[in-house]
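Accompanying notes for the structure given below.
The values are calculated or read from the model by the stated rules, or taken from the named source; none is laboratory data. The model shown is predicted, which means the values in this text are computed figures rather than measured ones. Note: ideal-geometry Cβ built from the backbone for every residue, glycine included; neighbour counts use all protein chains shown.
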Amino acid sequence: LDKKLPDNMLQAALAQNDPAAVVMIWERYASDLFAYLQAVLCSRHDAEDVLQTVFVRIVQKRHRLAKARHLDAYVYRIARNEAFSFISRRKREPNVETVNKSWLIAPEGHKEQNELAEQLQAVLALLPRPQREVIVMKIYRQKTFLEISRILGLSQNTVASRYRYGMEKLRILLGDTLS
Amino acid sequence: MNENDENKQIENILRKAHLPEPSIELKERITSVIKKVWNQSSQEIPWQIPVRRLITSTAAAVLIISIANFYSNQALESWHPGETQVTREQLPDFEILPDIHYRSFVRHPISSHRKSFTPDASALRNYVERMRKILNEKHQNVSPNGQVFDEGRSRLFPIQPGPDYYS
């Protein structure tokens, strides 16, 4: 299946109640949503749990998705809402044990790069969430500012300024590594 | 080094790490779950969704109104008004009017306004009683020029002067 399946084909499959749409949705959105959820939650394990909930919601709301004007924005909105619900639930239940799997990894077999990945993960976790979202989508998912603005429902200027402020903070936080 | 170069340097450092893709186990787990959800929700026809919502909201509205009525009734039951005094006013019998020549003209407005115009009989009785008392007292008193008022005669009419009154 083509990852870049046009929106209208996917929406047609959803409208026709075609079970093949399940796989199409997975192929189309799984990687991007997983990256986005890791950026929001700063946890791979939590992102896996929320990703499942997101796909269940997508399937439950497929009739609306079939009519959505911007399919990407709708799907990301579901992911965003589910991630925030998860965060608020976690705040209410602080005693729940969290599994800390690295959500930023280095190519295998490089010890130094593993350390760097851990450092980058810690530094990214210090950024405010809106700035982290934009930086992760831009750098790790190669999205343009236009795409990010459409997905998050923001103006391009807002996205660009979030990116710039985030980079300024990273410059300060990565001071030693840069020099 | 300008800002763009620094940004590119940071981007290069960030790209040395990468975000993990969803694992095959995760894919299998999630696709099996969503297939189940898909099959469950496929039995539901799209038009049923708004109808079901309408029914749910109607039921919720009925429930809220019933609860409000219930508590309102409870509140009214527990509320005791003060004792009310019931007085009965006897309406004057206008059928027995004095035989006057304009009787026919008077009867019509009285009968048409009978319900709205109800004279306060007790107040009238009190007033008459008070007036009678005053008159009695006055009759018993001696007049300023030494004359005594006879019982039952109005003080408005002076005592009939005698034949030598004007002499």
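Please work out if B:PRO22 is surrounded by 11 or more Cβ atoms within 10 Å (Cβ to Cβ), at pLDDT below 85, facing chain A (nearest Cβ under 7 Å) and out of contact with any strand residue (DSSP E or B) (no Cβ under 6 Å at 6 or more places or on another chain). Criteria not met by B:PRO22. Restricted to region A:19-30, and to residues there that are closer than 13 Å to B:TRP38 by Cβ and more than 10 Å from chain B (Cβ to nearest Cβ), the residue that is surrounded by the fewest Cβ atoms within 10 Å (Cβ to Cβ) is A:ALA20. In this structure, does A:VAL75 turn out to be in contact (Cβ under 8 Å) with a residue 24 or more places away in the chain and within 30 Å of A:ASN8 (Cβ to Cβ)? Here the answer is yes, as A:VAL75 does meet what is asked.
Among all positions in region A:46-58, there is no residue which is within 8 Å of chain B (Cβ to nearest Cβ), of a type outside the set (Asp, Glu) and not in a helix (DSSP H, G or I).
The residue that is surrounded by the most Cβ atoms within 10 Å (Cβ to Cβ), among those in region A:47-79 that are charged (D, E, K, R) and modelled with pLDDT under 90, is A:ARG62.
Within the option set A:VAL159, A:VAL136, being within 23 Å of A:HIS70 (Cα to Cα), out of contact with any Pro (no Cβ under 9 Å at 6 or more places or on another chain), among the β-branched types (Val, Ile, Thr) and within 12 Å of chain B (Cβ to nearest Cβ) holds for one residue only, A:VAL136.
Selection of region B:1-44 for residues being among the charged types (D, E, K, R) and assigned to a loop (DSSP other than H, G, I, E, B) yields B:ARG15, B:LYS16, B:GLU21, B:GLU44.
For A:ILE105, the stated conditions do not hold, so it cannot be described as surrounded by 12 or more Cβ atoms within 10 Å (Cβ to Cβ) and away from chain B (no Cβ under 14 Å).
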